[in-house]
Amino acid sequence: MDKALKTKPCRLGDQNTSDVVICLKDREGRHQQFYSHSSVLIKRSKYFAERLSNPDPSNSINVHCSEFNYDHHVNLLRLLYLPTELILDALDSVKSAVGILQSAVSFKCDEIVSCCIQYLEAVPWEDKEEEHILKAVSKLGPVAMPIIARIQPVDLAATKTVLISAIRVATSIVGPCPPFGNELKTSAQEQVEYMLGEDEDTPLVTADDEVRSVVRTGLSHICATFEKDLSSLLLEPDLASETADEKIMHSLSDLEWMCSILGKMDLMKDFVSNWAESSSNVLGVIEDKKLDSFMWGLKIKLIEVTAKVLEAVGYGNVILPAPIRLTLLKSWLPYIRKMKPLLDKRGSEDTGFPYKMNEDLCQTIEGAIVTLVLALPSNDQADILADWMRAEQVRYPDLSEAFEVWCFRTKSAKRRLVEGLDGAGNATLTL
């Protein structure tokens with residue numbers, strides 16, 4: 001044979017120089033022949049090396065595949081003919097690289113497996129692609145560690161460090177972060193909430209004293225900022241401006257977010273205690289005559305936050321002394337009772353008015369208030385029920401259930417007292 005022909009690089013599909021034919025077949029009947037070279041196949045694939053060690057008289061190798069990996073098998077055959085240094089550049093997508101990787105594993109093509117691993121480790125993935133990658137590399141052992149390292153769980157110390165940093169940004173403890181501003185803070189809040197989602201490590205992280213201390217510091221900062229922004233409304237020359245509304249609503253949104261994450265960390269008592277302490281100041285501002293016709297979004301949002309507080313206390317998730325529970329109830333019950341008809345009236349006059357107490361919110365508040373009332377000392381219950389029946393707005397919240405229970409308990413208490421006195425008298429006579 002000519003010497004020049006011997007040194008000429010082999011090309012897949014070159015029938016003139018081919019000494020073996022690869023026949024790809026799938027279940028759908030697709031069939032394609034690839035004129036190949038045993039020297040290339042033996043060098044790049046242990047699978048083909050084993051097959052060619054027992055040559056078939058017909059010099060052909062049948063490979064059966066599915067419709068899903070057919071194209072990946074074809075791409076693998078083409079890569080076998082590339083120099084090693086060019087294989088990486090030939091990979092052009094995560095989907096293709098995963099498919100070629102699986103084919104390369106099947107045909108024991110170590111160089112191509114290594115290149116696919118290197119490619120997949122370096123490029124970004126979509127969430128849906130990650131599952132396919134994990135499935136492809138799960139049984140590869142140490143060779144797949146560069147990929148596994150990207151997604152393996154970090155240790156608790158690293159998780160705690162990231163969470164603390166995110167909480168500091170989310171609560172603005174570290175101050176504003178130009179040029180990102182509120183966008184970075186919002187993103188941090190979303191990620192903190194996600195990190196506190198239920199998994200086996202969450203209780204270990206949320207129980208950490210340093211994490212809880214940072215969260216409490218963040219709560220104090222957010223509460224102080226909200227009260228400051230709320231008080232500044234009374235100095236605002238134009239309460240109808242979007243700037244004034246956006247600022248206070250953003251501040252209240254931070255407070256609502258904090259309420260959400262504290263519930264996941266068993267720190268709701270801290271939020272409730274802060275809310276109980278600040279209620280008189282909050283109501284003093286929001287009920288100022290200057291705000292009578294403005295800030296309806298703020299007013300309904302305050303009721304929603306208060307509903308979460310009342311629910312936590314009313315159903316025993318947060319334990320507070322009776323005097324604080326009574327103060328909380330006496331602070332917010334009159335306001336809620338006043339706002340409900342005002343919001344309903346505005347809604348009936350203007351069908352486009354968006355600020356309403358929906359049925360779920362109303363039921364949540366009513367149920368929480370009933371349980372709160374019934375957990376107070378009898379005399380305090382009597383004061384609240386008497387005030388409720390004297391009010392013009394008796395319909396909401398409906399405390400008739402609490403009233404019925406109070407009446408029953410009052411009679412039962414009197415009966416027990418009389419029975420106790422009778423018992424004591426009879427015991428004296430017997431002596």
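Here's the yes/no breakdown for (1) outside the structural domain of Leu333 (by the TED database); (2) among the basic types (Lys, Arg); (3) at pLDDT below 90:
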{"position": "Ala382", "(1), (2), (3)": "no, no, no"}
{"position": "Leu385", "(1), (2), (3)": "no, no, no"}
{"position": "Trp388", "(1), (2), (3)": "no, no, yes"}
{"position": "Ala391", "(1), (2), (3)": "no, no, yes"}
{"position": "Val394", "(1), (2), (3)": "no, no, yes"}
{"position": "Val405", "(1), (2), (3)": "no, no, no"}
{"position": "Lys411", "(1), (2), (3)": "no, yes, yes"}
{"position": "Gly423", "(1), (2), (3)": "yes, no, yes"}
{"position": "Thr430", "(1), (2), (3)": "yes, no, yes"}
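Pick from His73, His64: which is crowded, with 19+ Cβ neighbours inside 10 Å, assigned by the TED database to the domain that holds Asp110 and more than 14 Å from Asp110 (Cα to Cα)?
Numbers: His64 fails: crowded, with 19+ Cβ neighbours inside 10 Å.
So the residue among His73, His64 that is crowded, with 19+ Cβ neighbours inside 10 Å, assigned by the TED database to the domain that holds Asp110 and more than 14 Å from Asp110 (Cα to Cα) is His73.
In segment 304-356, which residues are among the charged types (D, E, K, R) and under 24 Å from Asp254 (Cα atoms)?
Let us first name the residues in segment 304-356 that are among the charged types (D, E, K, R), namely 304, 308, 311, 325, 330, 337-338, 340, 344-346, 349-350, 356.
Correct list: Glu304, Lys308, Glu311, Lys356.
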Looking at segment 107-115, can you tell me whether even one residue there is open to solvent by less than 80 Å² (accessible area, probe 1.4 Å), out of contact with any Lys or Arg (no Cβ under 6 Å at 6 or more places or on another chain), among the small types (Gly, Ala, Ser) and at pLDDT 90 or above?
yes
For the condition touching a Phe, Trp or Tyr at 6+ places or on another chain (Cβ under 7 Å) and over 25 Å from Met265 (Cα atoms), what is the one hit in Tyr355, Tyr335?
Tyr355
Take Asn54 and decide whether it is touching a strand residue (DSSP E or B) at 6+ places or on another chain (Cβ under 7 Å), surrounded by fewer than 17 Cβ atoms within 10 Å (Cβ to Cβ) and closer than 28 Å to Asp14 by Cβ.
no
Segment 153-177, residues that are over 18 Å from Tyr194 (Cβ atoms) and either touching a strand residue (DSSP E or B) at 6+ places or on another chain (Cβ under 7 Å) or not small (Gly, Ala, Ser) (or both)
Asp155, Ile173, Val174, Pro176, Cys177
Restricting attention to segment 123-168, which residues are outside any helix (DSSP H, G or I), at pLDDT 85 or above and open to solvent by less than 90 Å² (accessible area, probe 1.4 Å)?
Val123, Trp125, Leu140
Test Asp254 against the stated conditions and say whether it is touching a residue at least 24 places away in the same chain (Cβ under 8 Å), closer than 30 Å to Pro321 by Cα and not in a helix (DSSP H, G or I).
no
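The values are calculated or read from the model by the stated rules, or taken from the named source; none is laboratory data. Just so it is clear, the model here is predicted, and its values are computed rather than measured. Counting neighbours? That spans all protein chains shown, and the Cβs are built from the backbone with ideal geometry, glycine included. Note: accessible area is taken over every heavy atom of the protein model, side chains too, but ligands, DNA and RNA are not part of it. Shrake-Rupley method; radii C 1.70, N 1.55, O 1.52, S 1.80 Å.
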